[in-house]
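The values are calculated or read from the model by the stated rules, or taken from the named source; none is laboratory data. Note that the structure is a prediction, hence the values are computed from the model and not measured. Every residue, glycine among them, receives a Cβ derived from its backbone with ideal geometry; neighbour counts consider all protein chains shown. Each accessible area value is taken on the protein alone, full model and side chains, heavy atoms only, with ligands, DNA and RNA left out. Shrake-Rupley method; radii C 1.70, N 1.55, O 1.52, S 1.80 Å.
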Amino acid sequence: MFFFFFGEIGELEHNDIVKSAFEKIMFEKLQSEGYCDINPLIGRPRISKYEIKNNLKKLDSPLAKVFAGKYAKDTEELEKIMLPVLKELAEKLSKNKYQLDEYDYFAVIYFIFQMYKSVDKKLDCVKKLYTTWDRKKHDIEMSNGIVFDATMVKVNFISSINQYVDFLGQIRKKEGKLFFRGHSKVSYNLKPSLFRKEEWLLNERKMYLELMAKCPLEFERLESHVEKLAKMQHYGLPTRLLDVTQNPLVALYFACESQHSYYGEIIVFSQSLDSVKYFQSDTVAMLASLPLFTKDEQMQFYHSSLGTSSNENDFKAKIERLVHEVRMERPGFKSEIRAEDIRDAVVCIPARKNRRIDNQEGAFIVCGLLEETYGDKKYNTLSNLRLKLDNNKITICIIYNKADLLNELESLGINKAKIYPEIDDVADYIKTHVNTTM
């Protein structure tokens, strides 16, 4: 339990829904990755009460009532407006008549923030709240609406190809290999799709086998589990793969292609040449075989991997079936799985067996039983793979002026037809650019 020190909102500082809202929207990402974007919460882009109210109505959320009137000017008004609605919402939750949505959390903070007339006041609020939530040493700063812990990260803002090229020149190193991932919104969490919803993780084995059973011809020529996962990822099934690219311009396209009102970001991963895996890797084969097991079985693997050296035999016994599954794919696989490897994430360069992977210069991060998902660790394991410079700080790259950047990328041959080479996407690109490029 932690306590808020708003100093201005009275009883709301102890409300469980309010506390959960700040955790979900800001603090969990700030803790695990070192930064978060509060621009949408401070009106960048400006979101009207009418729009928020209508979105809440679609969810049948009691919070729609809060946005039906005026914003609060002081603590007294804020309590008068919010407390009755939060009480009603809590009652619906206790009776399982409602499930909180991320938009509920967003709306709670947005409404509270309207009471603060300056961005500095809102930042002070965030600092005080975060200090009481995570009692470690922090140096919380904000630049252009990006709140970050200056002890952990360095922020770069990019709005042109020239700036991006300069940034790439600064991060290129003689040894090691860089990989890139573009997010159209900074608020997106750095995790594979499978880990974004509990029901997906619980049903990983079922989804994997169901798709194989229903579309056998799609997979008959694929020899490895990682190839099958890549195919499933391509068609939108949640997997434990995270797409990355070896081409920084491709990542920039992904950061710019949608959500033009919001900042995008480029995430840079740095790996030694020895740590980069290929599709024939035993480690990749082992991690890619995990979908063949239920969540309960995976939890057994995870907990046995945390044991001391005296429990090594228990770990080997628990993973015997996993070893057998890997040997079905790779007969020469040895039964020497290291406990830490099963909790790891590795970068894998796949065989370029389809045009999309080829055009995007694609690669994957194959995620094992990550401790923040299967255990109680808060720090994002994938952050260990990120590029760190300047006193071991994570380097983050914030993207804005997306429309202009897309035009610049077009002049370099990076466009929808290049990124998505399937005929329907190429046809859509030709249709929308026929008057400008032909």
Checklist entry - When only C-alpha pairs under 8 Å and at least 6 residues apart count, what is the relative contact order of the chain, in percent? => result 19
Checklist entry - Of the listed peptides 161-173, 178-190, what is their order by residue-averaged count of other C-beta atoms within 10 Å, with the highest listed first? => result 178-190, 161-173
Item to check | Set K122/K378; K58/K87; K19/K95 screened for pairs whose C-alpha atoms are more than 22 Å apart | outcome: K122/K378
Next on the checklist: Run the numbers for K57 and A427: contour at 0.36 nm per residue of separation, minus the present Cα-Cα distance, in nm.
Outcome noted: 129.4 nm
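Compute the length gained on full extension between T75 and N407: take 0.36 nm times their separation in residues and subtract their Cα-Cα distance, giving the result in nm to one decimal. Please list the in-between numbers first.
Numbers: separation 332, 0.36 × 332 = 119.52 nm, distance 4.71 nm.
Here the segment from T75 to N407 would lengthen by 114.8 nm.
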Item to check | Accessible area expressed per residue, the chain, with surrounding protein chains retained (probe 1.4 Å, Å²) | outcome: 50
Item to check | Amide N of the range 370-408 lying under 20 Å from the label point, which is placed 7 angstrom from the Cα of H303 along Cα→Cβ | outcome: 370-378
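Per the 1.4 Å probe, what fraction of the accessible area of the chain, in percent, lies on carbon and sulfur atoms?
So the carbon and sulfur contribution to the accessible surface is 47 percent.
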Next on the checklist: Could you check the spin-label model distance between H260 and K137? Points 7 Å from the Cα along Cα→Cβ, value in nm.
Outcome noted: 4.6
Next on the checklist: Taking the 0 to 90 degree range and rounding to the nearest ten, how far is the long axis of helix 119-133 tilted relative to the main principal axis of the chain, both from C-alpha atoms?
Outcome noted: 60
Next on the checklist: Exceeding 29 Å between C-alpha atoms, which entries from my cross-link table qualify? They are K316/K353; K97/K136; K185/K418; K154/K228; K73/K154; K121/K197.
Outcome noted: K316/K353; K97/K136; K154/K228; K73/K154; K121/K197
Checklist outcome for this item: So for R0 = 22 Å, FRET eff. of Y50-Y103 from the Cβ-Cβ r, to 0.05, ends up at 0.90
Item to check | Cα→Cβ-extended label distance, 7 Å offset, between N162 and K185, nm | outcome: 3.3
Checklist outcome for this item: Note on the range 323-438: contact order normalised by length, alpha-carbon pairs under 8 Å, 6 or more apart, percent, works out to 19
Next on the checklist: Pairs of alpha-carbon atoms within less than 8 angstrom and 6+ residues apart define the contacts here; what relative contact order does the range 107-215 have, in percent?
Outcome noted: 8
